[in-house]
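As structure tokens, the structure follows; a few thoughts come after it.
The values are calculated or read from the model by the stated rules, or taken from the named source; none is laboratory data. This one's a predicted model, so the numbers in the text were calculated from it and none came from an experiment. Here Cβ is always computed from backbone atoms with ideal geometry, including for glycine, and neighbour counts include all displayed protein chains. For the accessible areas, the whole protein counts, side chains as well, though only heavy atoms, and no ligand, DNA or RNA atoms are used. Shrake-Rupley method; radii C 1.70, N 1.55, O 1.52, S 1.80 Å.
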Amino acid sequence: MSAPPVIDAHQHFWRYDPVEYGWIEPSMAAIRRDFLPADLKRAASGAGVGAVVSVQARQTTSETAWLLDLASADPFVAGVVGWVPLASPTVEVELERFAAHPKLRGVRHVLQDEADEYMLQPAFARGLAAVRRLGLAYDILVFERQLPSAIALADRHPDQVLVLDHVAKPRIRDGQLEPWRERMRELASRPNVYCK
């Protein structure tokens, strides 16, 4: 009996544009180019990866639509975590438009670029409630300093599946695992939270 294929739960596709993808710094020369499903298939072929979940890399609904088009065209893309304007009064309209696609699995907002309290504002909570009603996951993209707000978010939305991205980017380079380690333990005690 062979092992089931590995699913890469977090990767990005893009048609590279230095303005649209400003987070791809000059030091990242190897990825300053288009990166599409065929590229990932070649790179992952020896690792047993049979499918991927593509996660938004730009905060635009046009990218979410494009990722869902890629997923429709290629069974290798098993799911998409897109972006919608969660704090907008139009969030439900945007969510319903994308949720009709069977491969939309969740949404995220680049919270690491926001004030720590952004995720706790009432407008964001309304958007997150709409995400839950549609049965979608919410990916939390934060720095370790924002973990207290992420814990509060998990407590305020106990029925929402939350997925912490990049293990909250601990300051490994600085050799500082605290307070990240203790805050991660606290967040991990919430049954609605997963991590990748």
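Identify the single condition in (1) open to solvent by less than 30 Å² (accessible area, probe 1.4 Å); (2) farther than 16 Å from Tyr194 by Cβ; (3) in contact with a helix residue (DSSP H, G or I) (Cβ under 7 Å, 6 or more places away or on another chain); (4) of a type outside the set (Gly, Ala, Ser) that Gln160 does not satisfy, given that it satisfies every other one.
Every listed condition holds for Gln160 apart from (2).
If I filter segment 31-67 down to residues being among the small types (Gly, Ala, Ser) and within 16 Å of Leu141 (Cβ to Cβ), which single residue comes out as most open to solvent (accessible area, probe 1.4 Å)? Spell out the reasoning first.
Let us first name the residues in segment 31-67 that are among the small types (Gly, Ala, Ser), namely 38, 43-48, 50-51, 54, 57, 62, 65.
Then drop every residue that is not within 16 Å of Leu141 (Cβ to Cβ), which leaves 54, 57.
Values: Ser54: 0, Ala57: 17 Å².
The qualifying residue most open to solvent (accessible area, probe 1.4 Å) is Ala57.
Output the residue which, of all residues in segment 117-143 that are in contact with a strand residue (DSSP E or B) (Cβ under 9 Å, 6 or more places away or on another chain) and assigned to a helix (DSSP H, G or I), is most open to solvent (accessible area, probe 1.4 Å).
Restricting to residues being in contact with a strand residue (DSSP E or B) (Cβ under 9 Å, 6 or more places away or on another chain) and assigned to a helix (DSSP H, G or I), the top hit is Arg132.
Of everything in segment 144-185, what is part of a helix (DSSP H, G or I) and of a type in the set (A, V, I, L, M, F, W, C)? Give them in sequence order.
Applying the first criterion (part of a helix (DSSP H, G or I)) to segment 144-185 yields 144-156, 165-168, 180-185.
Matches in segment 144-185: Leu147, Ala150, Ile151, Ala152, Leu153, Ala154, Val167, Ala168, Trp180, Met184.
Of all residues in segment 37-70, how many are closer than 22 Å to Val91 by Cα and in a helix (DSSP H, G or I)? Break it down stepwise before answering.
Filtering segment 37-70 down to residues closer than 22 Å to Val91 by Cα leaves 54-69.
Now restrict to residues that are in a helix (DSSP H, G or I): 61-69.
Matching residues across segment 37-70 total 9.
Looking at (1) part of a helix (DSSP H, G or I); (2) within 15 Å of the chain's Cα centre (by Cα); (3) not small (Gly, Ala, Ser), which is the only condition Phe98 fails?
Here Phe98 clears every test but (2).
Is one or more of the residues making up segment 164-184 at pLDDT below 95 and under 17 Å from Gln56 (Cα atoms)?
No, segment 164-184 contains no residue that is at pLDDT below 95 and under 17 Å from Gln56 (Cα atoms).
Out of everything in segment 5-23 that is within 21 Å of Lys196 (Cα to Cα) and β-branched (Val, Ile, Thr), what residue ends up being least open to solvent (accessible area, probe 1.4 Å)?
Val6
Examine segment 20-36 for a residue that is of a type in the set (Gly, Ala, Ser) and in a strand (DSSP E or B), and state whether such a residue exists.
Within segment 20-36, not a single residue is of a type in the set (Gly, Ala, Ser) and in a strand (DSSP E or B).
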